[in-house]
Amino acid sequence: MGSLLDVVDLQTQFVTRGGVVRAVDGVSWDVAEGETVALVGESGCGKSVSALSIMRLVAAPAGRVVGGRILFKGRDLLQLDEESMRRVRGSEIAMIFQEPMTSLNPVLTIGRQITEGLETHLGMAPTAARARAAELLSMVGIPDPARRLPQYPHQFSGGMRQRMMIAMALACEPALVLADEPTTALDVTIQAQILELMKSLSRRLGVAMLMITHNLGIVARYADRVNVMYAGKIIERGTAREIYATPRHPYTLGLLRSVPRLDEPRRARLDPIEGQPPDLTRLPGGCAFAPRCAFRVERCAVETPPLRPIGAPGHVTACWEAERLTAVREPVGGRR
Amino acid sequence: MSTPRGGTGEALLEVRNLVKHFEIGGGLFGGRRGLVRAVDGVSFSIRPGETLGLVGESGCGKTTTGRCILQLELPTSGDIVFEGRELSKLGPDDMRAVRRRLQVIFQDPYSSLNPRMTVGEMIAEPLAVHDIVHGAAARRDRARQLLRHVGLLPQHAARYPHQLSGGQRQRVGIARALAMEPALIVCDEPVSALDVSIQAQIINLLEDLQAEFGLTYLFIAHDLAVVRHISDRVAVMYLGKIVEMADRKTLYDDPLHPYTRALLSAVPIPDPELEARREHLVLRGEVPSPLDPPSGCVFHPRCPIAEDRCRRVVPELREVKPGHWAACLLA
């Protein structure tokens, strides 16, 4: 499988009253054709801004991609003119957002919102586009599409709206879908439906997916490879199996240990990551995670650790002390 | 129907047949008139020092149940007995005293804090209003002490909410509840707006405070793993009704209701190897509207094992095994 998307040293910044925020700070990652890759991290880590940067939808003038390359099928998206970029959006790369209601037009019918893309990007005639829209709705499991097409977004439930977003995203048969917290706003039984749908469609249609989420369970179930982000940087990357079985960054280890799990005996006490999330306008020198890190040594406050290979092929970590981390399966908790 | 109880001992809170219906439609904009059966005959009790987890998906009535207990909503019918007194029978003065003992922690600490008041002022205010601590200086001291209890520093008293992180704001919300010296705290999704790494901090804090001050919690949440961690007993709600209730271990190890089983199966577990092996029971359909709930068992349209009689007969919440209640004809 060749590389479909290659993000190289991407830097996206925002100018705020508090100073310049380096939301994405020299990040490199890639997605192969047909692969599902996760960007995982907590609020403010830069995962959503990464996706917006790829689509060139970072809100100017405050936000700006200031460096790096975004190679999609070999072309640098950052160099495209606006017209070419518009063709990429929707027809080659589609995006699914967390809250479908805010990304749908409330005064256009569902049918029109799907056929618009088909007509603009694929040059379909209105009647053909309508037939295709009905097909798409039934593909994502919306019953009775003919009755649904003339309806408006508010007449759909949250789960149905997200199905519709997926239908719209897949309408022009893109090669890559960026899904930004696609099920965070949904209930757990609906979340399961939507994720299973996305998984089966991406396999069937061979669509690559970038899954952006904070939910470690979703990543475990759906991602082939995982990038863990913290304070604008990728701090660990590997196959999902590697990352979960042998996390090699204290932050990843901390995240995995801090969540209660239904498959394990209940622990007497949870193991949180101590301290507060970083203030991006006032990042410390050296490793951004150092102030909260249990493995911190003097060097961490001075030198920023680069990503380096560790363990299995493709597994990289940005930690000076990675060799000291033990397996997550070791008994934890019980200290009180 | 007898009230489901958790083992022995006097209950601190007893909810009997709680019903809360909302009328919608009519009025200025017309619209279809209807009755939303948000809470439709809910009964449970909580012993002192216990944590009862109330789980369910959005619209199941868990938050409305909490708001009825807090007297933020007037129940349509049913009794809420707190510390031996029936709340609907209390006059305004007695009610004031009860409100102190019944506190709440909300999901979003930002919208429940006053942006123009410092943390110290916000904690001191209820101390003055309820006449708990006399004198401004004493109140300031008490506020600082409360900040320490919730893991903040005395200097946080001078800060405004926007200067705090989400986790710190939730700590302030907890300090405010604690200031009233409550017996029961209704925790309504207290960690779901927080980052994963912070959730565990707040859960540990709630557990520490419970041990230290003998608090009782009604813990309302949709995250089944979090509820399992913090609760002694758990009640599962669906469309305004409790469908299953048992002690934590029984409910998670041996769920009887098909809805509980589906919920547990839907939660992805952070372990790719396990996830690949696990069988997933994906429920079909969506939660029906509480405006027009299905006949018989409200879960029957989505239930993988429903029989014909489930469409006709409303299942009562019955004690299937000692201490294990389920509202399913087939349990």
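Just so you know, all these numbers are worked out from the coordinates, no wet-lab data involved. In this text, all values refer to a predicted model and were calculated from it rather than measured experimentally. Virtual Cβ from ideal backbone geometry, glycine too; neighbours counted across all protein chains shown.
Summarise the long-distance tail of P(r) for the protein assembly as shown by giving the % of C-alpha pairs beyond 37 Å.
Here the long-distance tail beyond 37 Å is 43 percent of all Cα pairs in the protein assembly as shown.
If the convex hull of the alpha-carbon atoms of the range B:104-159 is projected onto planes in all directions, what is the mean projected area in square nanometres?
Orientation-averaged projected area of the Cα hull: 4.1 nm².
If you wrap a convex hull around the Cα atoms of the range A:116-247, how much volume per residue is inside, in Å³?
Dividing the Cα hull volume of the range A:116-247 by its residues yields 128 Å³.
Remind me, what semi-axes does the range A:185-228 give for its equivalent ellipsoid, largest first in whole Å, using sqrt of 5 times each Cα gyration tensor eigenvalue?
With the √(5λ) rule applied to the range A:185-228, the semi-axes are 16, 15, 8 Å.
How much mean residue ellipticity at 222 nm does chain B get from its helices, if each DSSP H run of length 4 or more adds -39500 (n - 2.57) and you divide by all residues, to the nearest 500 deg cm²/dmol?
My calculation for chain B gives -9000 deg cm²/dmol from helical runs alone.
Could you list, bin by bin from short to long, the percent of Cα-Cα pairs of the range A:1-113 in 10 Å steps?
12, 41, 34, 12, 1
Using θ = phi - 60° and the Karplus curve 6.51 cos²θ - 1.76 cosθ + 1.60, what whole-Hz ³J(HN,Hα) does each residue of the range B:69-75 get, with Gly and Pro shown as x?
4, 6, 6, 7, 10, 8, x
Based on the Cα atoms of the range B:228-331, what semi-axes does the equivalent ellipsoid have, where each is the square root of 5 times one gyration tensor eigenvalue, given in whole Å with the largest first?
23, 18, 12
What number in nm² do you get for the range A:146-197 if you take the convex hull of its Cα atoms and divide its surface by four?
So the mean shadow area of the Cα hull is 4.3 nm².
Please give the charge dipole size of the range B:133-209, origin at the Cα centre, charges +1 on K and R Cβ atoms and -1 on D and E Cβ atoms. Round to the nearest 20 debye.
I would put it at about 500 debye.
Of all the C-alpha pairs in the range A:216-288, what % are more than 15 Å from each other?
Across the range A:216-288, Cα pairs with separations above 15 Å total 61 percent.
Would you calculate a helix-derived [θ] at 222 nm for chain A, using -39,500 (n - 2.57) for each DSSP H run of n ≥ 4 and dividing by the full residue count, to the nearest 500?
That calculation yields -9000 deg cm²/dmol at 222 nm.
Hey, what did chain A get for relative contact order, percent, Cα under 8 Å, at least 6 apart?
Contact order relative to length: 19 percent.
Rg to Rh ratio, the range B:143-259, alpha-carbon atoms and Kirkwood radius?
Ratio of gyration radius to Kirkwood radius for the range B:143-259: 1.02.
What size of dipole, in debye to the nearest 20, comes out for the range A:14-126 about its Cα centre when the only charges are +1 on Lys and Arg C-beta atoms and -1 on Asp and Glu C-beta atoms?
With only Lys, Arg, Asp and Glu charged at Cβ, the dipole is about 320 debye.
Based on a Kirkwood Rh over C-alpha pairs, give the Stokes-Einstein translational diffusion coefficient of chain B at 20 °C and viscosity 1.002 mPa s in µm²/s.
101
Could you tally the net charge around A:GLY238, taking each other residue with its Cβ under 10 Å from the Cβ of A:GLY238, Lys/Arg +1 and Asp/Glu -1?
That works out to +2.
Within a Cβ distance under 14 Å of B:LEU127, other residues only, what is the Lys/Arg minus Asp/Glu net charge?
Net charge in that neighbourhood comes out at +1.
Work out the mean other chain Cβ neighbour count within 10 Å for the residues of B:188-198 and drop it here as an integer.
Other-chain Cβ atoms within 10 Å of each residue's Cβ, averaged: 5.
May I ask which residue of B:MET245, B:LEU218, B:HIS134 lies farthest towards the positive end of the charge dipole of chain B, with charges of +1 (Lys, Arg) and -1 (Asp, Glu) on Cβ and the Cα centre as origin?
B:HIS134
Given that compact globular proteins tend to follow 2.2 N^0.38 Å, what is the ratio of the alpha-carbon Rg of chain A to that value?
The value comes to 1.05.
Taking only the alpha carbons of the range A:224-336, what extent do you get along each of the three principal axes, in Å, biggest first?
39, 34, 23
How big is the Rg/Rh ratio for the range A:156-232, C-alpha atoms only, Rh by Kirkwood, two decimals?
0.95
Please identify, among A:GLU83, A:GLU99, A:GLU242, the residue showing maximal mean-square fluctuation in a Gaussian network model of chain A using a 10 angstrom Cα cutoff.
Residue with maximal mean-square fluctuation among A:GLU83, A:GLU99, A:GLU242: A:GLU83.
So which lysines pass the test for B:LYS241, namely a Cα distance under 29 Å, with those fewer than 8 places away in the same chain ruled out?
B:LYS20, B:LYS62, B:LYS89, B:LYS249, B:LYS321
Which value, in nm² and rounded to one decimal, describes the direction-averaged projected area of the C-alpha convex hull of the range A:91-178?
Averaging across all directions leaves 5.1 nm² for the Cα convex hull.
When Rg is the radius of gyration of the Cα atoms in the range A:88-136 and Rh is its Kirkwood radius, what does Rg/Rh come to?
Over the Cα atoms of the range A:88-136, Rg/Rh equals 0.97.
Within the set of other residues whose C-beta is less than 12 Å from the C-beta of B:LEU194, count the net charge using Lys and Arg as +1 and Asp and Glu as -1.
Neighbour charge sum, excluding B:LEU194 itself: -3.
Let me spell out the model: positive unit charges on the Cβ of Lys and Arg, negative unit charges on the Cβ of Asp and Glu, origin at the Cα centre of the protein assembly as shown. What dipole size does that give, in debye rounded to 20?
So the magnitude is around 420 debye.
Mind checking which of B:ARG284, B:ARG100, B:ARG248 has the largest fluctuation in a GNM of chain B, springs on alpha carbons under 10 Å?
Residue with maximal mean-square fluctuation among B:ARG284, B:ARG100, B:ARG248: B:ARG284.
Under the definition of Cα pairs under 8 Å and six or more residues apart, what whole-number percent is the relative contact order of chain B?
Once divided by the residue count of chain B, the mean separation gives 20 percent.
So what is log10(I(q)/I(0)) for the range A:169-209 at q = 0.14, 0.25, 0.35 1/Å, when the Debye sum runs over its Cα atoms only?
-0.32, -0.88, -1.19
DSSP beta bridges in chain A, what fraction antiparallel, as a percent rounded to 5?
60
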